[in-house]
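Bear in mind these aren't lab numbers, they're just calculated from the coordinates by the rules spelled out. Remember, it's a predicted structure, so these values are computed and weren't measured experimentally.
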Amino acid sequence: MLNGRLGQVATTLLWGIAVVSIGLVACSPSVPVTQTRVSTAPEPVVRLTPAPGVAGDPERGRVTFADKGCVTCHTVRGVPNSTGILGPNLTNVALRPTLTEAGFPNTPDQMARWILDPPAMKPGTIMPNLSLTDQQARDVVAFLYSYPYNPPAR
Ligand code: HEC
């Protein structure tokens, strides 16, 4: 008698679990978890972290780098249209010990001097004097030196 009663309770419980499980499956979202939503909103502009101790504004330098045509000869990862190959790739150029084939020590000052007047430092170089102001050269240096301090640009 007790066995029969227990069996009845167990059966009822099992049916209950089965019904709840079916309900859960039916209510779960039909969109696969791997599907990502494509947003059309503009990407938020990420401010660059400046390199410590380097004068100049990396944000302005990024703009000058494109405006002055550096992009036509140099590739820098993450800068639109910066796909030039006539000059060296400048992504993370700050990590190189020397600048140009002449081997100038790579310091912010030397890089600014170079950008202001390359033929004055290395006669015969292909890189022209692009008539940057001192401030523009400082900003571009700040931009190039900031690379190792920022997450990899796409
Ligand atoms: C006409 C092509 C050309 C343009 C435009 C140009 N460069 Fe260059 N750049 C070069 C070449 C070529 C070199 C290698 C110089 C050498 O060794 O003679 C160089 C070298 C450099 C270097 C040294 C890199 C290293 O690894 O030694 C820096 C920094 C640099 N350029 C920055 C700039 C910036 C900033 C601009 C824009 C204001 C610019 N360049 C525009 C061709 C160009």
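Converting phi to 3J(HN,Hα) with the Karplus coefficients 6.51, -1.76 and 1.60 and the offset θ = phi - 60°, the range 85-96 yields 10, 5, x, x, 5, 9, 5, 6, 4, 4, 7, 7 Hz in sequence order, with x at every glycine or proline. Label the range 58-149 by shape, choosing from rounded, prolate and oblate, from the square roots a ≥ b ≥ c of the eigenvalues of the Cα gyration tensor; if a/c is under 1.5 it is rounded, and otherwise prolate applies when a/b is larger than b/c, oblate when it is not. Taking the square roots of the gyration eigenvalues as a ≥ b ≥ c, the range 58-149 is rounded.
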